[in-house]
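All remarks here apply to the structure that follows.
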Amino acid sequence: MTLTHLPRAAAAATAVAALLALATGCSDAGARPETAKDPVPAASPVALPAPRSAPSPQAVLSPAPAAGEVRVQQGPFTDRVQLTGLRLTASPSSVTGHIAISSDISDTLALEITAAYYDADGRLLGTGSFHHQEEGEEAHAGHAPAQQHAEGPRAAGAGIDFTVPADGLTGTPASAVLTIPVLVNE
């Protein structure tokens, strides 16, 4: 069978299967008396794919980044945002910057920015994260103290100034790599 005949064959097979299901589903041949009712079977659980989490940061960057460099790792949301003013701050260790949605003008409901901090040789020292959720959400509760929430302007239009504080570093960071694992907008 060639590829050009495949759609017709698939349509014919589907029609035959539907006809058979209709014919067997409507017959009275196997009907039972009204008194012999079976209990309603429980619905089978639906298997959903596991939620994806952000990729783990690389243990060593090669080549090692330049001192003070803040890289942005390409991901599913990096083409929808504009990051500007990225800066690595030494004390306290953090990455600051500004993010704005560039793909549309809708409000940002949830945003997460993570930073992986590296020493001068490109070895991972630790991480940190920044969280933003639209006001009125109860999701503010339960975040670790190292996670901060944005206040003020929304990421659409004016954007959001952010700070990603380092959490439990094992040395002095010389560079950082940002990722955006969560971006939910209207």
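Quick note: the coordinates plus some simple rules give every number you see, no bench work behind them. Being a predicted model, the structure only gives us computed values, none of them experimental. Here the Cβ positions follow ideal geometry from the backbone for every residue, glycine too, while neighbour counts run over all protein chains shown.
The length gained by stretching the chain between Ser56 and Asp161 to full extension, at 0.36 nm per residue less their Cα-Cα distance, is 35.3 nm.
Extension gain for the segment Ala120 to Leu169, taken as residue separation times 0.36 nm less the Cα-Cα distance, is 16.3 nm to one decimal. Roughly speaking, what is the centre-to-centre gap between segment 67-90 and segment 97-129 when only Cα atoms are used, to the nearest Å? What the calculation gives is 6 Å, centre to centre.
Using a Förster distance of 30 Å, how high is the FRET efficiency between Ala64 and Asp107, based on the Cβ-Cβ distance and rounded to 0.05? My answer for the efficiency is 0.15.
Residue separation of Asp79 and Glu186 scaled by 0.36 nm, minus their Cα-Cα distance, works out to 36.8 nm of gained length.
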